[in-house]
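Undergrad: My questions will all concern the structure given below.
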Amino acid sequence: MPRADFQPVIGLEVHAQLLTRTKLFSRASTSFGAEPNANTLPLCLALPGSLPVLNAAVVELAIRTGLALDCTVNEVSEWSRKHYFYADLPKGFQITQYEHPICEHGGLDVALPGGDKRIRISRIHIEEDAGKSVHDGAAGASLIDLNRAGTPLLEIVSEPDLRSAEEAAEYLRTLRGVLLALGVNDGNLEEGSFRCDANVSVMRHGATAYGTRVELKNLNSFRFVQAAIEVEIDRHVELIESGGAVEQETRLYDPDRNETKAMRSKEDAHDYRYFPEPDLPPLVVSAEAIAAARAALPELPRAKQRRYVSALGLSEADARFLTQEPGSSAFFEAVLQHYRGEAKKAANWMTGELARLRNASGEGRVTPGALAELLTAVDQGRISSNAAKEVLGVVHQSGEAPSAVIAARGLEQVSDTGAIEKVVDEVLAKNAADVAAYRGGNQKLLGHFMGQVMKAMKGKGNPQLASELLKKKLGG
Amino acid sequence: MTLTEAQVRHVAKLARLTLTDAEVAKAQGDLARVLEAVQALDGLDLSAVPPTVQVHPQVVAPEADAPEAPLGVERALANAPAKVGTSFSVPRVIG
């Protein structure tokens, strides 16, 4: 029945692992890939007598994120214990921020087909991650690795302002771009350092109350986020249309079957017994620290996009492509440091040929300086666009200087007017009948003459010069 | 003041405790006495005191983000009742 009768309502909770060297409340390393339990100190293991000591870098990154997402940064926030029992949480509680988070009341502008839409962010709080459980490592046992236990996370909670799966995915991409630009998170969904839960409900158009919401977990790619929300919306609509009701619950997305299934039963309804963490004083941030963080904010992707469009004349699509990863925009801006031509031309090569090469065979060895050199050679007529593609392919593999590749492969165009004129004269002399036909009105023959000239010059003649000379001589 | 049997059983379930009926009955009274002790606060006029999570106004400077030497897997696992490789081994938990 008509899904169009229903309005989906979606809010997202993102858990972003902070790029610190040590954990939230201990100086155990957060480095990846160590053997199980190698990165632990007494606090990670919940050994008696161990006490939490806050990591200064975490506070700094949280403030930076809050400011970039237009939040109020609270000068005083508080820590709470959230209790649940699971083998990879040896303390029996997670330290998090509950009633008084560090950042609140923000928003993120998301570029949608109909224009920018502001998605409100209700809060950002700091919390610690749990350890890792491996259920298939030994028969009848679960294996516990506490290397990740205590790793700092930011939970970024949006208001239920998203109205479709596409909007949700775009919000996530935008948020990821901001976190990458800030250097607070590595944006890796597959490895779980950028995780997303979605709260999904539907309401009939015109209704004023939200429907019952379901929390979706296990959305570890942009594609899964979108697909999981889509199937969940369908499930809600079908349930309601068939006279049933949506139950408030947590569901897990199964990408293989493209369906969601209930994860926790109602009986185990959350009762986390939050209370203030007695081992930590309130988190106090000075107004000076907030002002300093604000002054140090980098240009964010959306601002960069607008600048690329308005000041550099790029298309909206190219501007977005170049600002998805900080590395791309840095590369693009470095090219412009060396290249005096149109920025749009540099963008076209980055989003076109260079992106194609990188998709096919990895990052490659093209430097901004090399791309600038190549573009300049094209602008000066030293090589053709086609030859430039060939050169770029070689540079991508070998890292050689474009000038060396052009010389080694003999790709330099002949732009010497005298040399081209000589060939043009020869071609016209050999084709007297065609010349008469051209002058008699058969303008199509110009292409034929061009072909002859280029053939005689083994493809190295500057086509623009050749064409100009041909027209001049034929007109005379 | 006394807690209901259902309240005690709920709290026991959250704490993963299995209580006998006698223990439930005893806990009804024991837990009630804890609450009564805190109830003494009701006798104070706190209308001018903002909600406070900690009474000590200390400000502790956060620590620099510099790693310390870890315990090492041997010491970390020294008290583990069971282990596989360098992982703790626990009765299988189905995620």
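Since every read-out is calculated from the coordinates, none of them should be taken as a lab result. What you see is a predicted model; the values in this text were computed from it and never measured. Cβ sites come from the backbone with ideal geometry, for glycine too, and all protein chains shown count toward neighbours.
Undergrad: At a Cα cut-off below 23 Å, give the lysines reachable from A:LYS458, other chains included and same-chain residues fewer than 8 away excluded.
TA: Partners within reach: A:LYS389, A:LYS422, A:LYS430, A:LYS444, A:LYS471, A:LYS472, A:LYS473.
Undergrad: Quick check on chain B: take the gyration tensor over C-alpha atoms, sort the square-rooted eigenvalues as a ≥ b ≥ c, and tell me if it's rounded (a/c under 1.5), prolate or oblate.
TA: oblate
Undergrad: Once Rh for chain A is found with the Kirkwood sum over Cα pairs, what is the Stokes-Einstein diffusion coefficient at 25 °C and 0.890 mPa s, in µm²/s?
TA: For these conditions, the coefficient is 91 µm²/s.
Undergrad: Further, regarding this structure: How would A:THR208, A:THR22 line up from fewest to most surrounding beta-carbon atoms within 10 angstrom?
TA: With the sparsest Cβ surroundings first, the list reads A:THR208, A:THR22.
Undergrad: Starting from the Kirkwood Rh over alpha-carbon pairs, what translational D in µm² s⁻¹ does segment A:417-474 have by Stokes-Einstein at 25 °C and 0.890 mPa s?
TA: Translational D for this selection: 221 µm²/s.
Undergrad: What value, in deg cm²/dmol to 500, does the helix sum -39500 (n - 2.57) over DSSP H runs of n ≥ 4 give at 222 nm once divided by the residues of chain A?
TA: That calculation yields -12000 deg cm²/dmol at 222 nm.
Undergrad: So which lysines can A:LYS217 reach, going by Cα to Cα under 18 Å and dropping same-chain residues fewer than 8 places off?
TA: A:LYS132, A:LYS261, A:LYS266
Undergrad: Okay, moving on. Per residue, how much space in cubic angstrom lies within the convex hull of the C-alpha atoms of segment A:50-193?
TA: Given the Cα convex hull of segment A:50-193, per-residue volume reads 143 Å³.
Undergrad: Measure out, as a whole number of angstrom, how far apart the alpha-carbon centroids of segment A:161-185 and segment B:3-46 sit.
TA: Here the two parts' Cα centres lie 45 Å apart.
Undergrad: Can you give the net charge of the other residues whose Cβ lies under 11 Å from the Cβ of A:LEU41, counting K and R as +1 and D and E as -1?
TA: Overall, the nearby charge balance is +2.
Undergrad: How big is the charge dipole of chain A about its Cα centre, in debye rounded to the nearest 20, if each Lys and Arg gets +1 on its Cβ and each Asp and Glu gets -1 on its Cβ?
TA: 2080
Undergrad: Identify, among A:VAL59, A:LEU283, A:PHE331, the residue whose Cα sits farthest towards the positive end of the charge dipole of the protein assembly as shown, taking +1 on the Cβ of Lys and Arg and -1 on the Cβ of Asp and Glu, with the dipole about the Cα centre.
TA: Highest projection toward the positive end goes to A:PHE331.
Undergrad: Oh, and also: Along its three principal axes, how long is segment A:183-250 when you only count alpha carbons? Whole Å, largest extent first please.
TA: Largest first, segment A:183-250 extends 46, 21, 19 Å along its Cα principal axes.
Undergrad: Can you give me the C-alpha center-to-center distance between segment A:335-365 and segment A:86-158, rounded to a whole angstrom?
TA: Taking the Cα centre of segment A:86-158 as reference, the centre of segment A:335-365 is 36 Å away.
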